[in-house]
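Got a structure here, written out as structure tokens. Questions coming.
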Amino acid sequence: MLKFRRTFLVFLFLASSTVGFSQRPAEVPEGFSFEKPTNWFEGDIAVRAANLKRFTFDRDDMAKLLANEKSSGIVAIFYKDDPKRTPGIIPTIQVILRPKSAKMSFDQFKGAVSNPKPFEAFEDFAFSGAATAIDISGVRSVLLNATFKLRREDRVYSIRSRTYAIPRTDYFIQISMSDEDDEGWTEKEFADFISSVRISN
């Protein structure tokens, strides 16, 4: 139960990361896809059936997610280790859809997703440098790096997160990755996952 609480709190942090956008279900003309990390465990929440190698989300899938969740739709969560059997912090990847204003310029979008106010409740939260622009599958996107502390009983965990925000029309794709902030940071799997993302225009 303690492990579940730790994993849930890290998820809660990442899922709460960008607020203040349009709260209506989006009309989504584009689609996107990504590959499940090899041998990772899948959270039981994706629209698509489990155990697919490549997850593909079209207009109908995304419209359903955003309409059902009102302000965001969880597409997939992947864990490097079995969360039911692994103590401590587990490397995690989350893919979330979030609505935004279709009128936002890229600079406005970049400023909105890097607003620190939603994170003030987290202990020692800090962005690791400024938000940067990055290309993902031909789409100009935003990369944010951050660290914070997660305190449980007599143990304090240092967490590092990496979040990509990929703007589309009136929604964006948020890909958040987290792990302990130590020498075991899951670099290769995180980089491979981002390389697998494909955006349909």
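The values are calculated or read from the model by the stated rules, or taken from the named source; none is laboratory data. Only a predicted model underlies this, so the values are computations on that prediction, with no experimental measurement involved. Cβ sites come from the backbone with ideal geometry, for glycine too, and all protein chains shown count toward neighbours. Note: areas computed on protein heavy atoms with side chains; ligands, DNA, RNA excluded. Shrake-Rupley method; radii C 1.70, N 1.55, O 1.52, S 1.80 Å.
Go through the stretch 86-177 and name the GluC sites (Glu not before Pro) that are in a DSSP coil and have 16 or fewer other Cβ atoms within 10 Å of their Cβ.
Within the stretch 86-177, the qualifying GluC sites (Glu not before Pro) (loop, at most 16 other Cβ atoms within 10 Å) are GLU120, GLU153.
Using a 7 Å offset from the Cα along the Cα-to-Cβ direction at both ALA133 and ARG151, what is the distance between the two label points in nm, to one decimal?
Modelled inter-label distance: 4.0 nm.
Report ASP107's accessible area, 1.4 Å probe, all protein chains in place, as a number in Å² to the nearest 10.
110
How much net charge surrounds VAL113 when only the other residues with a Cβ under 11 Å from the Cβ of VAL113 are counted, with Lys and Arg +1 and Asp and Glu -1?
Combined, the nearby Lys, Arg, Asp and Glu give +3.
Let me ask you something else. For the residue pair ARG140 and ARG85, what label-to-label distance in nm results when each label sits 7 Å from Cα along the Cα-to-beta-carbon direction?
Taking the simple label geometry, ARG140 and ARG85 are separated by 4.7 nm.
Once amide H atoms are placed 1.01 Å from N in the peptide plane, what residues at a sequence separation of 5 or more from SER141, or on another chain, have their amide H within under 5 Å of its amide H?
ILE134, ASP135, ILE136
Using the structure shown, select from LYS84/LYS188; LYS80/LYS188; LYS64/LYS110 the pairs with a Cα to Cα distance greater than 18 angstrom.
Beyond 18 Å: LYS84/LYS188; LYS64/LYS110.
Just to confirm a number: summing +1 for Lys and Arg and -1 for Asp and Glu over residues other than VAL142 whose beta-carbon lies under 12 angstrom from that of VAL142, what do you get?
Here the charged neighbours net out to +2.
Could I have the simple spin-label model distance between ALA121 and LYS103, label points 7 Å from Cα toward Cβ, reported in nm to one decimal?
That separation, rounded to one decimal, is 3.0 nm.
Quick one: which of 161-171, 182-192 comes out on top by average Cβ neighbours within 10 Å, and what's the full order, highest first?
The most tightly packed comes first, giving 161-171, 182-192.
If you take the square roots of the eigenvalues of the alpha-carbon gyration tensor of the stretch 100-201 and sort them as a ≥ b ≥ c, do you get rounded (a/c under 1.5), prolate (a/b over b/c) or oblate?
Oblate, because a/c is 1.5 or more while a/b does not exceed b/c.
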